[in-house]
1. List pairs: first in the stretch B:169-184 and facing chain A (nearest Cβ under 7 Å) and surrounded by 24 or more Cβ atoms within 10 Å (Cβ to Cβ), second aromatic (Phe, Trp, Tyr) and part of a strand (DSSP E or B), Cβ under 6 Å, 6+ apart or cross-chain?
2. Write out, first by first residue and then by second, each pair whose Cβ atoms fall under 7 Å of each other, whose residues are 6+ apart or on separate chains, and whose first residue, in the stretch B:211-223, is within 13 Å of B:Gly96 (Cβ to Cβ) while the second is polar (S, T, N, Q) and loosely packed, with under 10 Cβ neighbours inside 10 Å.
3. Just for strands (runs of 3 or more DSSP E) wholly inside the stretch A:32-101: which have at least 1 residues that are modelled with pLDDT under 95 and away from chain B (no Cβ under 14 Å)?
4. Within the group B:Ala271, B:Ala296, which residue is surrounded by fewer than 22 Cβ atoms within 10 Å (Cβ to Cβ), outside any loop (DSSP other than H, G, I, E, B) and within 14 Å of chain A (Cβ to nearest Cβ)?
5. Does B:Glu244 meet the test of being touching an Asp or Glu at 6+ places or on another chain (Cβ under 6 Å) and either without any contact (Cβ under 8 Å) to a residue 12 or more places away in the chain or of a type in the set (D, E, K, R) (or both)?
6. Output the residues belonging to the stretch B:303-328 that are of a type outside the set (A, V, I, L, M), assigned to a loop (DSSP other than H, G, I, E, B) and in contact (Cβ under 8 Å) with a residue 24 or more places away in the chain.
7. Evaluate the following for B:Ser92: is it under 22 Å from B:Thr213 (Cα atoms), touching a His at 6+ places or on another chain (Cβ under 6 Å) and in a helix (DSSP H, G or I)?
8. Could you go through the stretch B:33-44 and let me know if any residue there is surrounded by fewer than 23 Cβ atoms within 10 Å (Cβ to Cβ) and either part of a loop (DSSP other than H, G, I, E, B) or outside the structural domain of B:Ala149 (by TED's automatic domain parsing) (or both).
Amino acid sequence: MTEKTFIAGFGGQGVISLGQLWVYSGMKEGLEVTFFPFYGAEKRGGIARASVIVSSSEIASPLVTQADSVIVMNEDSLAICEEAVRKGGVLIVNSNLVKSAPRRSDIRVVKVACNELAEAIGDAKFANMVMMGALSRVTGAVKLDSFEAVLRSFFPESKHKFIPMNIKAVEAGKKAV
Amino acid sequence: MAEEKRLMKGNEAIGEAAIRAGCRAYFGYPITPQNELTAYMARHMLDLKRTFIQAESEVSAINMVFGAASTGARSMTSSSSPGISLKQEGISYACGADVPCVIVNVARSGPGLGGISPSQGDYFQSTRGGGHGDYYTFVLAPKSVQEAADLTYLAFDLADKWRVPVLILADGLIGQMMEGVVFPKERDPSSLPAKPWATGNQYKTHRPINHVTSLNLMPLELEAQNNRRFERYAEIAKSEVRYEEMNVDKAELILVAYGSSSRISLGAIQAAKALGIELGLFRPISLWPFPAKRMAELAAKGKRFLVVEMSKGQMVEDVRLAVNGKSPVDFYGRCGGVIPTEEEVLAEARRVLGK
């Protein structure tokens, strides 16, 4: 099993955190993982992008060019995201912020109301975790079964009070697809 | 108990490995894409009562390394391409004075200030000495976060063993990406090799003065000094060559690549297999000493090569020297910070093979 995922959104949406938590969880589930953020002369509000791969065997290029799954967190990222997904791959869109319809017809499109579901939990900031739940359910690559323990070791103690809401967000994302 | 696997950036893993290898002093100056390494050392070296200094320039940082390493302390600096260019004078001095130290280059695109994206355009500079005078530096090229840690740890031992500067040649991809890494054990400072040549501590020992310098105004003496260093280089070339190879026996074409481009090549090899095309991989880990002997053996078996680099073609010259006309050597490269894709490399391999 190898799942190559490309993630994009605007800076501040938690694209990098989503990618890091995805591979961290994958690693804790015994997989080989790699996370590569597209670093550059980025600015607030610019597009944040990351390539993440989880695999049961050695990972070749860390750069995802033919993604099995692609996450689109905002409207501006849709164009680059559509290009990144392989034929037959899946495009998961945050339907609250992505209003245009994807043009490609050779891919599967899954819509998740990430912001709406996150706000129902308490804060739109959890939209990225809703999306991660959806990614887990759609791809099955990382199960996120022991997510609480993963969050406990990923975040410093001072952030542990947010763990229950993160878990709720992931669960909401799983149920949404 | 085995060490826990951690998820870390390549830059941070290099810092942690250096600390575990007994790095006593780190001197750096900020530059993208290696800043996390300097930041990691800033966070951890002082806690350990070791030395961390953000120097006023790269030139200053390498000369601080020279000074600290002359006293026998395991010392390191890091930078990225333009900053490494600035350090060349100091590296030449360290080579001339036989001062062991570790220099990390998390390379970016060039020439000049270039860009901040990953590149392998510093191969010539790294493997041909880089500064003035007759010398080489040991050059190790990691392909993953795990290897970045392992090779950094090894670099300190090699530097001490051979009394040479060791260069870790990574790039922005290796530095910025996160992967799982298991670290080697923390070195016990008392287990590190003795350095009877080092300066300092004379008040305790009353030994004769040690001079650590690259200066020698007597041509015959300087020639003899250089010759002794080149005898060590010959020993290094015999005993310290490192490489990895995969599927070279079956391969119709062997991809030759180091660091990041070897990962991309591996992807091309996997994709080729699905099409029934057998490709192999030859990955130099030590770029100097270059695994020329093994490449010559493969060439003598009639193997042909496609060298893949994130440059206009630099390592390809070493491959051609090693192969010495015995088999065809093709080249594929992207530069300017463009990372070649697995699909591009596969297409080039198929073009070379006519398949």
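1. Pairs found: B:Met177/A:Phe36; B:Met178/A:Phe35.
2. none
3. Those strands (runs of 3 or more DSSP E) span A:47-55.
4. Step by step, each of B:Ala271, B:Ala296 is checked, and only B:Ala271 is surrounded by fewer than 22 Cβ atoms within 10 Å (Cβ to Cβ), outside any loop (DSSP other than H, G, I, E, B) and within 14 Å of chain A (Cβ to nearest Cβ).
5. No: the conditions fail for B:Glu244.
6. B:Lys303, B:Arg304, B:Ser311, B:Lys312, B:Gln314, B:Asn324, B:Lys326, B:Ser327, B:Pro328, listed by residue number.
7. For B:Ser92, the condition - under 22 Å from B:Thr213 (Cα atoms), touching a His at 6+ places or on another chain (Cβ under 6 Å) and in a helix (DSSP H, G or I) - is met.
8. Within the stretch B:33-44, none of the residues are surrounded by fewer than 23 Cβ atoms within 10 Å (Cβ to Cβ) and either part of a loop (DSSP other than H, G, I, E, B) or outside the structural domain of B:Ala149 (by TED's automatic domain parsing) (or both).
The values are calculated or read from the model by the stated rules, or taken from the named source; none is laboratory data. Keep in mind the model is a prediction, meaning the values are calculated, not measured. With ideal geometry, Cβ positions are generated from the backbone for all residues, glycine too; neighbour counts draw on all protein chains shown.
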